[in-house]
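Asker: Take a look at the following structure, please.
Derivation of every value follows stated rules applied to the coordinates shown; laboratory data play no part. Computed from a prediction, not measured in an experiment: that's the story for all the values here. Here Cβ is always computed from backbone atoms with ideal geometry, including for glycine, and neighbour counts include all displayed protein chains.
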Amino acid sequence: MNRAIPIFGLLSILAFGSCNNDLDLVYYADPIPVVYGILCPQDSVHRVMIRRSFICGDSVEHYAKQPDSVLFGTVQVNMEVRSDEGSVLERYNFQPEVFALRNEGFFASAPNILYATRSTQPVNPLIINTFDKYTLTAYFPEIDKSIIAETWIPPVLMLASPARLDPFEMDMLVEQSIRFVWQQSQTYNIEMITVFNYLEEINYEWIPKSIKHKRTYPHLGKNQYASREELSLNGDWFYPMVGGRIKKDPSVSARKFVSIDFLFFTIPAGAYDNYLYTQYPTDYSESTFSNIINGQGLFTAYSRRELKGFTLGTASIDSLVSGKDTRDLGFVRW
């Protein structure tokens, strides 16, 4: 008895033989494009991953290792920035690029091909309206089929506070070293990442390091009224966060503070659900979410606001060096 093995959750087409009760594979379906792309208008390079489904009748492990099973030979990939009225504001042509080998796993690790384009006129997310969108198209000559996908370009988060967006010296010993305020959204999730940059001295060489702390603010529900989101940072949060995320390492002879960055990501409300549904399907799911017309996968966009280069005052550095939460980490003042 032959048994069809579906890849990427796609259903094989099976039929019963007319003369016996054996299950026979009688039709091999065309491969289906699988597209995965998460774009940001601030990036100078946009990349999407394109793979293909396949169905085999015997050793799936063998065929999964063959590049021809998971890659299309030729793909023509294009993307446009369009207004809500359909006007084309910018066009991009994607070209295949070969990257370092993927980690060994179930599927072929080489060649690791992504499709990339360099923006000649990047979209300025500070001036675009919320109705601009990316439209991705790809044509596959060997199966004579095309896919299309669209996603809105989210606006950059507008901050009502702090009044100064340029970096300044923060005092972690006061009640509010820095205060962020923004309007809640019914359309987008907001993700905030605090990055603590520092140096580690190992064998007389200073090596750049960083730790990150992430907060996620979900979009509002349909019956919730928008209000302001507020977040204040001070030493009561800062020093335990640093002490809890930097691991003790006997090979490190000293550490030195460099700067603090604040990153804000505006993400479509459905992106998290779509990503989780794509990455972690369950046995109870009969289909996988996809916004790729004539294909499978996920195509979405996010915007990023970066506030970089904030520093600490002398008293705050002293607390980093000798405070109870961080004194065992070996930070120095100089």
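Asker: Work out, step by step, the length gained on full extension between Leu220 and Gln186: first 0.36 nm times the residue separation, then minus their alpha carbon distance; give nm to one decimal.
Answerer: 11.8 nm
Asker: Taking segment 154-234, which GluC sites (Glu not before Pro) meet the DSSP loop condition and have no more than 15 other C-beta atoms within 10 Å?
Answerer: Sparse-neighbourhood loop GluC sites (Glu not before Pro): Glu175.
Asker: Please arrange Leu136, Leu263 by how many other C-beta atoms lie within 10 Å of their C-beta, fewest to most.
Answerer: Leu263, Leu136
Asker: How far apart, in nm, are two points set 7 Å out from the Cα along the Cα-to-Cβ line at Arg333 and at Val45?
Answerer: 4.4 nm
Asker: Put a dot 7 Å past each Cα toward the Cβ at Lys308 and Leu114; how far apart are the dots in nm?
Answerer: About 1.8 nm, to one decimal.
Asker: Something else: What pairs from Lys248/Lys308; Lys256/Lys308; Lys256/Lys324; Lys214/Lys248; Lys133/Lys214; Lys209/Lys324 go past 24 Å between their alpha carbons? Write out the running numbers ahead of the final one.
Answerer: Details: Lys248/Lys308 26 Å; Lys256/Lys308 18 Å; Lys256/Lys324 17 Å; Lys214/Lys248 22 Å; Lys133/Lys214 27 Å; Lys209/Lys324 22 Å.
Beyond 24 Å: Lys248/Lys308; Lys133/Lys214.
Asker: Assuming R0 = 41 Å, can you tell me the calculated FRET efficiency for the pair Glu230 and Glu90, based on Cβ-Cβ distance, to the nearest 0.05?
Answerer: 0.65
Asker: What is the fewest-to-most order of Asp43, Asp171, Asp144 by other Cβ atoms lying within 10 Å of their Cβ?
Answerer: The most exposed by this proxy come first: Asp144, Asp43, Asp171.
Asker: Taking θ = phi - 60°, what integer Hz values does the Karplus form 6.51 cos²θ - 1.76 cosθ + 1.60 yield along segment 72-84, in sequence order, with x for Gly and Pro?
Answerer: Computed from phi, the couplings for segment 72-84 are 7, x, 9, 9, 9, 10, 9, 9, 10, 9, 10, 7, 5 Hz.
Asker: Next question, about the same structure. Apply the Karplus curve 6.51 cos²θ - 1.76 cosθ + 1.60, θ = phi - 60°, to the phi angles in segment 292-308 and return the couplings in whole Hz, x for Gly and Pro.
Answerer: 9, 6, 6, x, 10, x, 9, 9, 8, 9, 9, 10, 10, 10, 10, 10, 10
Asker: Taking the simple approach of a point 7 Å from Cα along Cα-to-Cβ for both Asp318 and Glu142, what is their distance in nm?
Answerer: 6.8 nm
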